1. Using only Cα atoms, tell me the angle between helix 316-330 and the longest principal axis of the chain; keep it within 0 to 90° and round to the nearest 10.
2. With every protein chain left in place and a probe of 1.4 Å, what is the accessible surface of Ile122, to the nearest 10 Å²?
3. Going by alpha carbons, how many degrees (0 to 90, nearest 10) lie between the helix axis of 74-88 and the longest principal axis of the chain?
4. Could you state how much accessible area Thr248 has, in square angstrom rounded to the nearest 10, with a 1.4 Å probe and all protein chains kept in place?
5. Rolling a 1.4 angstrom probe over the protein chains, ignoring ligands and nucleic acids, what is the accessible area of Lys120 in square angstrom, nearest 10?
6. In whole percent, what relative contact order does the chain give with Cα contacts below 8 Å and a gap of six or more residues?
7. Taking 0.36 nm per intervening residue step and subtracting the Cα-Cα distance, what contour gain separates Phe56 from Arg175 on full extension?
8. Of Ser210, Ser149, which has the most accessible area and how do the rest follow, probe 1.4 Å?
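The values are calculated or read from the model by the stated rules, or taken from the named source; none is laboratory data. These figures come from a predicted structure and were not determined experimentally. Note that we place each Cβ from the backbone using ideal geometry, even for glycine, and neighbour counts take in every protein chain shown. All accessible areas refer to the heavy atoms of the entire protein, side chains included, with ligands and DNA or RNA removed. Shrake-Rupley method; radii C 1.70, N 1.55, O 1.52, S 1.80 Å.
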Amino acid sequence: MYALADCNNFFVSCERVFRPELNGRPVIVLSNNDGCAIARSNEAKALGIGMGAPMFKIRDIVERHNVAVFSGNHSLYGDMSRRVRMTLKEFVPHVEVYSIDEAFLDLSGMEGVDFDALAKQISRRCLKNTGIPVSVGIAPTRTLAKIASKLCKQYPKLQGGCYMHRQKDVEKVLRRFPIEDVWGIGRRMVARLHERGIVTAYDYTTLPDSLVRHMFGITGLRTWRELRGEPCIDISATTDVRQSISNTRSFTHEITDREQLTEQIANFAAMTAEKLRHQGSLCGELHVFARTNRFRDEQQYISSTVITFPEPTNSSRQIIAAAAEAAREIFVAGYGYKKAGVTALKIIPQEGLARSLFDDGQERERDERLTRAIDEISDRIGQGSVRFGVQGSGRVLSSHEYRSPCYTTRWEDIPTVKIK
C-alpha cells in the first residue's frame, strides 16, 4: 500500500496559519514580481480566478471581492513543508518527497493496520502540528493514492483521509474521474484519448495494453497498469530532476551601477547553487544574462555569457564567483538594466561522478565542508543567513509588494504574543 499526503492549497494555507482571520475569505498568492496567481483558496477559485491569471487582469475582481493578496514567500513555504514532512515521518521511516506540497509514504509491511483510520490520523496530526490541512489517500499504487487524496478534497465527510482498495470502489471512482486529472496523463495524451472517446480513467483502463504502449510508450503503460492496481512507478519516476535550473528576476527599478548588478546576479547564483544541492545535482555550465527594459521606447541592450566549469559543481563559492565575474564582463555603462538571471546547464547527478586525474581532492573537500556549514546554518536560522561578500545585503530587488513576514525562518519576524 502507498499513501499520498497532499497539502490543500498549500501556499494559501501557509499564509492562513499565521493569519487565521483569512479563513473563509478569498486569498491568492502571486508569482515572482507579483505577476500571476500561482495559488488560490477555494473561495478565490469560486470567483473565477484561474491558475496563472495575471494580476493586472484580475485586479478588478480582487478589489470588488476584497481578495487577500500575498507575494510568494518561499522561505516560509519551504519551512512549513519541512514541518509537514517531519510529522509524516512519525508514521513511516521513509518519506518520498514529490513536490513542496506532496509526499508519498510507503506502507509495505504494515499488514493488519486499519488504513482508513491511519489516513485520517495522519491528516489530523499534520493539522495539529503545523496548521496545514492535508489530504491523505491510501491505495495499492501511487497513481490510485493520488486519486484517493483528491477525493478527500471533494468530500469533507472523508475527514481528510481516504482508503481506496476494493475493486468495486476503485472502478466506481475511476468511472467518474476525468482522464485529464490522472497523474501522468499530459495534455497531448488527453487530446489523443479524447479523439478515441476516452474521457475517464476507467475508459483508459479498458484499452488493450498493446495499444497503450504503441500510443504512449512505457510511461503511458505504467500509468495504465497503476490504474489497474499494479504498482510499477518507483521514486525515480516520481521525482522530477530538472535539466536546467534558472533564477531570474525583473527589478523594481533599472540598475545602472555595475556593482549593484553584480550583487543581484551573485544572489541569483547563490539560489541556483542551493537548488542544485537540493536535488543532488552538479552543473557543468552557467548561463548569465542581463537586459534593459523592453517596455521602454528606447534603444535596447541584452548581453549574456556562458561559463564552463573545469569540473561539474554545486559549490556556492565557485558558482557565485563565476557569475559575479560574468556580470562584470557583460555590464555596459550607459544602460539601465531591468532584468537579469542565472541558469545552470549540463546538469548531472552528484553521485558517481568520475573525478579528474589531476584532482587532488583538497580544494573540493574544503568547498564541500564550507557548503555543508552554509546549508546547516541556513536550515537552522533561515535562508540567506550566511552570504558571500559579493552578495551585499542579499536582498533581491524584485517586486514583493504583498510579502508576508518570514514567521518561522527570520528572528525579527517571529510572531509576538502580548498578554494584558
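1. 60 degrees
2. It works out to around 0 Å².
3. With both axes taken from Cα atoms, the answer is about 40 degrees.
4. So the heavy atoms of Thr248 present about 50 Å² to solvent.
5. 30 Å²
6. 16 percent.
7. So the chain would gain 38.9 nm between Phe56 and Arg175.
8. Correct descending sequence by accessible area is Ser210, Ser149.
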